[in-house]
Amino acid sequence: SLIDLSRKDDGSRDTAAFAHDVATGLSLAQKKLPSRYFYDAKGSRLFQQIMELPEYYLTRAEFEVLNTHRQAMASHFAAEGFFHLVDLGAGDALKTKLLLRELTQRSKDFDYIPIDISGDAMVQLTGSLQEEIPGLQVQAVVGEYIQALEWLHHHKTGPKVVLFLGSNIGNFEPEEGIVFLQRIRQCLDPGDKLLLGVDLRKNPDTILKAYDDAAGITAAFNLNLLHRINRELGGDFKVDQFRHFALYDPQAGAMKSYLVSEEAQEVYLKSSGERYKFEAWEAIHTENSHKFTLNQVEEMALLCGFKVDTVYQDKNEYFADIVLDA
Ligand code: AVI
C-alpha cells in the first residue's frame, strides 16, 4: 500500500509551490533554484545513472559501509523488540536492502516505511520488495521530508529507527540541516535512533569529479531542471544555451553547482507571466552538496538533541553512517 501526501484532494500535484519558488529564485540578484526540484521522473532516472558512475564514489562507499557493518547494525537496531524502520529519501533502497535482508533473517519484528518525493520510485520499490523480500511489511509514503515526518509523528507510535542515508543532509544549508535534524528529533522518543549518512572531506579532485563526470550525466541532471520548468511552468528556456558548472570550496566543504547562461537572453515563464533577464555568463545556483568532518557531525548532533553512538565507515574513510541516539 502507498500513501501519497504529495497529491491534493482533487488528485493534482502541487505545481503552485514549484511556480512560486522558481519565480522567486529567478528574480534574485544572484539567481537560484532549489535542488529538490531536480527529481521529476526524468531527474530521478538521471540520478540513478549518477549513482552508477565511476566518478560518483558516494553510493559505492556507503554500500561498502552498510555491507561491512550490516550485522552490527542489525543487532543494534533489533535489540529491543518491534520497531519501525523509516527510510527518508528511500529511492531504490539499494543500500537499505542490505539491512532489510539482514534484519529479516534475524526476526520479522519490524516494518519498513520508505518515504520519497518520487511516487514512481515508491511504486517500483514496493513491487521489488514484494519479490525480493516476501513477507516484509512495507508502507510506502510519497511526500516531502517535513510532510512525511509530520505524518509519521501522527500515525506511527512505538520505537523508531530513522535512516537518512546518501548524504542527503549535505543538500541542506548548514542552518537548514540543523532545523531539519531538530524536526526529526521532535518526532522521536528517547531510545529511538537516527542512522545518518554523511560524505566526508577528502581530496578535492575526487569530490569535484563526482559532480562533473566525463559522460556528462551530472550536467544532464542539472540541465533537466530547465526542461522541467519549460514543461511544467510553460517556460521557454533555450536549454542548449546553458551549461553545467561545478566547483568545490575545500574550506567550507561545499560542492556547488550552477547553470551558466552562455548568452545574454530573456526567458519567459507562463506561470508567472514574467520575463527574466540573463546577462552573458550569468549563473543560476542550483545545488550545494556539503562534505563533513566527524567533529562537525558530532557538534550538529548535540545541537539537535542527539548523541553520537557509533560511527561506521568504509576502508577509504570516504563516507560515514553514524548512529545517533535520541
Ligand atoms: C541526493 N544528493 C545527496 C546528491 C548529492 O551528491 O548531493 C545529488 C547529486 N547532485 C549531483 N550529483 C548528485
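The values are calculated or read from the model by the stated rules, or taken from the named source; none is laboratory data. Just so we're clear, the structure is a prediction, and the values are computed from it rather than from any experiment. We place every Cβ from the backbone using ideal geometry, glycine too, and count neighbours over all the protein chains shown. Only protein heavy atoms, including side chains, enter the accessible area calculation; ligands, DNA and RNA are left aside. Shrake-Rupley method; radii C 1.70, N 1.55, O 1.52, S 1.80 Å.
Values for this structure:
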item	result
Test: Ala79 is modelled with pLDDT under 95, assigned to a helix (DSSP H, G or I) and within 15 Å of the ligand (Cβ to nearest atom)	no
Single residue of segment 29-55 satisfying the filter (open to solvent by less than 70 Å² (accessible area, probe 1.4 Å) and of a type in the set (A, V, I, L, M)) that is farthest from the ligand (Cβ to nearest atom)	Ala41
Test set (1) at positive phi; (2) touching a strand residue (DSSP E or B) at 6+ places or on another chain (Cβ under 8 Å) - Phe83 fails condition number	(1)
Strands (runs of 3 or more DSSP E) contained in segment 225-291 and holding at least 2 residues over 16 Å from Leu26 (Cα atoms) and open to solvent by 20 Å² or more (accessible area, probe 1.4 Å)	242-249
Some residue of segment 108-121 being of a type in the set (Val, Ile, Thr) and in a helix (DSSP H, G or I)	no
Residue in segment 168-187 that is nearest to the ligand (Cβ to nearest atom), counting only those that are open to solvent by less than 10 Å² (accessible area, probe 1.4 Å) and touching a residue at least 60 places away in the same chain (Cβ under 8 Å)	Gly170
Contacts under 7 angstrom Cβ, first residue in segment 195-220 being closer than 27 Å to Thr310 by Cα and more than 10 Å from the ligand (Cβ to nearest atom), partner open to solvent by 20 Å² or more (accessible area, probe 1.4 Å) and among the charged types (D, E, K, R), 6 or more apart	Leu200/Glu317
